[in-house]
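Structure below; questions to follow.
The values are calculated or read from the model by the stated rules, or taken from the named source; none is laboratory data. Just so we're clear, the structure is a prediction, and the values are computed from it rather than from any experiment. Here the Cβ is made from the backbone with ideal geometry for all residues, glycine too, and neighbour counts use every protein chain on show.
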């Protein structure tokens, strides 16, 4: 059954939407797949513990049905988030992104002959393999910090159905996934408590809708954390999706969404790029705060 599950996206909270758009579009070379504006907080706390106006922008190298993408959530009025040690990086293969960063004078740190580190606005780490971008998804893995690697392996394999694909005892890392063709999840033992800061993200997976109650029941049986019990999320004019939000032993948020409805919801919107630009041009919050000699709130 786990083979029917797939990795979807990672949620990043962003404080500066304009700089963030430059990074994902012009540096990484991703495309805006869809953009949505909301007047109030999400029932599944997709935008974090905020009740006000927010937006969601999906960006990636291709359609969500076969690419791992980034979900950028922007809460109006929140200018910055504090990073913890929970998110360790996203690794992608793209010599074009390395070239873009150099051309735009975006700070780039060379780690090895073919690996570079670049930071998105807000401090999120992205590792760029300086190799030709593959025809399939360039996003290779998401890396998260854990406090007890063996405990985490048990959770992600025995309870969520992932397979261990590689293990490095020296680096204290394990690479796992549902299939070899998807973006992988890398867990690294950081030797201490995992701090999520206020920028804490969320990793999302899909599964057949019929599996959602079983996932929730298993977590309850094993006395694991269910942050949001099975709930329906409405998007005006689009499919209604059902989700269950979990937290692993270190508090990493995990979303499982019904695949059938999500495939309808996540189709590419040709106007996505235009909608994002329109929302940014109409967002006068930066000017208002500057005019009143004030700063946006920190989360």
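Looking at residue 156 and the list (1) surrounded by 20 or more Cβ atoms within 10 Å (Cβ to Cβ); (2) in contact with a strand residue (DSSP E or B) (Cβ under 7 Å, 6 or more places away or on another chain); (3) in a loop (DSSP other than H, G, I, E, B), which single condition is not satisfied?
All conditions pass for residue 156, except number (3).
Which residues, taken from region 202-254, are over 23 Å from residue 182 (Cα atoms), touching a helix residue (DSSP H, G or I) at 6+ places or on another chain (Cβ under 8 Å) and part of a helix (DSSP H, G or I)?
218, 219, listed by residue number.
Filter region 187-201 down to the residues that are touching a residue at least 60 places away in the same chain (Cβ under 8 Å) and either assigned to a strand (DSSP E or B) or in contact with a strand residue (DSSP E or B) (Cβ under 8 Å, 6 or more places away or on another chain) (or both), then identify the one that is surrounded by the fewest Cβ atoms within 10 Å (Cβ to Cβ).
Within region 187-201, the match that is surrounded by the fewest Cβ atoms within 10 Å (Cβ to Cβ) is 198.
Restricting attention to region 75-122, which residues are out of contact with any helix residue (DSSP H, G or I) (no Cβ under 9 Å at 6 or more places or on another chain), in a loop (DSSP other than H, G, I, E, B), touching a residue at least 60 places away in the same chain (Cβ under 8 Å) and under 19 Å from residue 19 (Cα atoms)?
81, 82, 83
Still on this model: Let me confirm something: among 11, 32, 22, 59, which residue is surrounded by fewer than 17 Cβ atoms within 10 Å (Cβ to Cβ), modelled with pLDDT of 90 or more and either more than 17 Å from the chain's Cα centre (by Cα) or not in a loop (DSSP other than H, G, I, E, B) (or both)?
22
Among the residues of region 227-241, which ones are free of Cβ contacts under 8 Å to residues at least 60 places away in the same chain, in contact with a strand residue (DSSP E or B) (Cβ under 6 Å, 6 or more places away or on another chain) and within 29 Å of residue 84 (Cα to Cα)?
Within region 227-241, just 230 meets the criteria.
Hey, can you tell me all the residues within region 133-159 that are under 22 Å from residue 92 (Cα atoms) and either modelled with pLDDT of 95 or more or within 20 Å of the chain's Cα centre (by Cα) (or both)?
Selection gives 136, 137, 138, 139, 140, 141, 142, 143, 144, 145, 146.
Here are 71, 64: which of them is outside any strand (DSSP E or B) and in contact (Cβ under 8 Å) with a residue 12 or more places away in the chain?
64
Please count how many residues of region 234-253 are closer than 24 Å to residue 36 by Cβ and surrounded by fewer than 20 Cβ atoms within 10 Å (Cβ to Cβ).
Final tally of qualifying residues: 8.
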